1. Out of Thr171, Thr191, I need the residue that is of a type in the set (Ser, Thr, Tyr), assigned to a helix (DSSP H, G or I) and surrounded by fewer than 20 Cβ atoms within 10 Å (Cβ to Cβ). Which one?
2. When region 35-65 is examined, which residues are found to be of a type in the set (Gly, Ala, Ser), within 16 Å of the ligand (Cβ to nearest atom) and either out of contact with any strand residue (DSSP E or B) (no Cβ under 6 Å at 6 or more places or on another chain) or modelled with pLDDT under 95 (or both)?
3. For the list (1) in contact (Cβ under 8 Å) with a residue 12 or more places away in the chain; (2) in contact with a helix residue (DSSP H, G or I) (Cβ under 9 Å, 6 or more places away or on another chain); (3) in a helix (DSSP H, G or I), I need the number of the one condition that Leu68 fails.
4. Search region 22-39 for residues being within 21 Å of Val97 (Cβ to Cβ) and in a loop (DSSP other than H, G, I, E, B), and hand back the single one that is least open to solvent (accessible area, probe 1.4 Å).
5. Could you grab me the full set of residues in region 174-188 that are surrounded by 20 or more Cβ atoms within 10 Å (Cβ to Cβ) and not small (Gly, Ala, Ser)?
6. From (1) open to solvent by 50 Å² or more (accessible area, probe 1.4 Å); (2) in contact with a strand residue (DSSP E or B) (Cβ under 9 Å, 6 or more places away or on another chain), pick out the condition that doesn't hold for Cys117.
7. If you go through region 40-67, how many residues are of a type in the set (Gly, Ala, Ser), under 13 Å from Ala13 (Cβ atoms) and open to solvent by less than 40 Å² (accessible area, probe 1.4 Å)?
8. Any chance region 123-138 includes a residue that's outside any helix (DSSP H, G or I), free of Cβ contacts under 8 Å to residues at least 60 places away in the same chain and under 21 Å from Pro96 (Cα atoms)?
Amino acid sequence: MVAAAGIHPNDVAEVEPDEWDRITRLVVSGRVAAIGETGLDWYRESAPRDVQREFFDRHIRLAQSLGLPLVVHTRDSIRDTLDTLREARARGPLAPVLHAFTGSADEAAEAVELGCCLGFAGMLTFRSAANLRQVAATVPADRLLIETDSPFLSPEPLRGRRNEPGHVVHTARCLAIARGVSLERLAADTTANARRVFLRR
Ligand SMILES: [Zn+2]
């Protein structure tokens, strides 16, 4: 098991004075595989936008300086998130993962062009998510990830219950059907992608 370290955008208004230093020390110790979650949340806005932007930028620069992947949270903020990642890419290499992706096909294509992997979580399985399944079918196989986001976002048929990592099989099955591939093929691809992104050191 490996960990990511970061300060979630919903929490950046309540950061302790030494918290960023602690994150940095943890990351430099080599015991974490990724930086994040970080990003922009214009839905909850539990922190001012300029504070969220400042911390997103800090996480991006830390990930770039150490060559670590960046786990990105984006909610009602995909345009600003993609613009920020584009600016970062102009400065140097960056390997972002857009987690629990819910954007459009155009936004998915733009994210792929920017070098992102796209993570699909339990909401992919919801009856109301036909559009998202169509989007997920357009993502190149080498950029796909599946995730639990447990204890949240339980997939059908377990929606509303506490989520567990093992429930990701329901998301995988749904994604395989949407893409017209076998569950085995989908599992092999997403496993290889996760290893490439998170276990490269
Ligand atoms: Zn998130």
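The values are calculated or read from the model by the stated rules, or taken from the named source; none is laboratory data. None of these values were measured; they are calculated from a predicted model. Don't worry about glycine lacking a Cβ; one is built from the backbone with ideal geometry, like all the others, and counts go over all protein chains shown. The protein model used for the area step is the full one, side chains on, heavy atoms only, and it has no ligands, DNA or RNA in it. Shrake-Rupley method; radii C 1.70, N 1.55, O 1.52, S 1.80 Å.
1. Thr191
2. Matches in region 35-65: Ser46, Ala47.
3. (3)
4. Gly30
5. Across region 174-188, the qualifying residues are Cys174, Leu175, Leu186.
6. Single failed check for Cys117: (1).
7. Residues flagged as of a type in the set (Gly, Ala, Ser), under 13 Å from Ala13 (Cβ atoms) and open to solvent by less than 40 Å² (accessible area, probe 1.4 Å) within region 40-67 amount to 1.
8. No, every residue in region 123-138 fails to be outside any helix (DSSP H, G or I), free of Cβ contacts under 8 Å to residues at least 60 places away in the same chain and under 21 Å from Pro96 (Cα atoms).
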